[in-house]
Structures are given as structure tokens and as C-alpha cells.
């Protein structure tokens, strides 16, 4: 998905919004499906490796770093994304921090931009992609839970 969204985002807007959306859409779904530490990190690493092998720029590894941060911070939720106020608040904060970090890392380590640009422009636009991912992924999770997907995969809590 991201091999299409990333280049499209940059071609149309010169911004990382859709690229960040694709990454965090995947990370949120992986965390929801598995509810286990490490799966989001592995999804980020595997996705980055595949993307680089298929021609993506090396800066994609910054999203692997943010996937690790996403995974670690999701401990606050016990890696359970549920449709309740507390769980959604934690998931939103974790996604925002992780996406913002990815934007900062990309500018500092790969684009040669200054810290101020990373903090005030690129990080914010990467964060916007993370918020877009939340806005689209959470209704999908609600629909899947209403369809009793949790019972199919054996999750009882």
C-alpha cells in the first residue's frame, strides 16, 4: 500500500501525509489484531526492508524506529486497542508521538534539514498522516468488532 501512497503523496503535495497514513494504518491494525508486544516493530522492520528492496528511499527506516517507539509506548495500553475512552486516548497519543518522531528523524538524519524545520513543519505533517490513519482505522476496528472478528480469532477479553 505504501509503495503507492508515499510517492503519490510526494508527487501531489511534497508532504509525507499519505506515506505516514499508510505506515500507521498498518501499525494500528497489527497492534489491534495481535495485542502483543513486538508485532508492530516487526511489521515496521519487515515493511521497511521490503520497501527498500522495491526501490523506496532509505529514509523509510525512520518509520521502523517510530514503529519500535509505537510498540514500546503501547505498553501503556497493554497492547490492547479497544473502543473505549481510555484505550482510544492512549492509542491516539502513542500514534501522534510516534508519527511526529518519524518526521523529525527523517529530516535530521536523511534530509539534512534543521531541527527547527523538523519540529515545526515536517514532524507536524507526518503527525497529520498518523491522525488520518487513526481517523480511518478506528472506524474499521469498530466495524470488525461489531462483526465479531474477536470471537473468530479467539480473543475473549
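Rule-based calculations on the coordinates, nothing more; no lab input. Not measured: the values here are computed from a predicted model. Cβ coordinates were reconstructed from backbone atoms using ideal geometry, including for glycine residues, and neighbour counts include every protein chain displayed.
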Between residue 54 and residue 85, the FRET efficiency computed from the C-beta separation at R0 = 35 Å comes out, to the nearest 0.05, as 0.30
So, with points 7 Å from each Cα along the Cβ direction, the residue 109-residue 14 label distance in nm works out to 2.5
Placing each pseudo-label 7 Å from Cα in the direction of the beta carbon, residue 76 and residue 97 end up separated by a distance in nanometres of 0.5
Contact order relative to length for region 21-153, counting C-alpha pairs under 8 Å separated by 6 or more residues, stands in percent at 27
The orientation-averaged projected area of the Cα convex hull of region 21-153, in nm², is 8.0
Ordering 30-41, 62-73 by per-residue average of other C-beta atoms within 10 angstrom, highest first, gives 62-73, 30-41
FRET efficiency for residue 148 and residue 37 from the Cβ-Cβ distance with R0 = 30 Å, rounded to 0.05, comes out at 0.75
Expected sort for 82-90, 127-135, 96-104 on mean C-beta neighbours within 10 Å, highest first, is 96-104, 127-135, 82-90
Rounded to the nearest Å, the spacing of the alpha-carbon centers of region 104-150 and region 22-54 is 13
Between the Cα axis of helix 61-73 and the main Cα principal axis of the chain, the angle (0 to 90°, nearest 10) is 40
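Just to verify a number: FRET efficiency for residue 120 and residue 45, C-beta to C-beta distance, R0 = 25 Å, to 0.05? Walk me through the intermediate numbers first.
On the way: r = 29 Å, r/R0 = 1.16.
FRET efficiency, residue 120 to residue 45: 0.30.
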Percent relative contact order for region 83-140, counting Cα pairs under 8 Å at least six residues apart, stands at 38
Most packed first (mean Cβ within 10 Å per residue), the peptides 138-144, 13-19 order as 13-19, 138-144
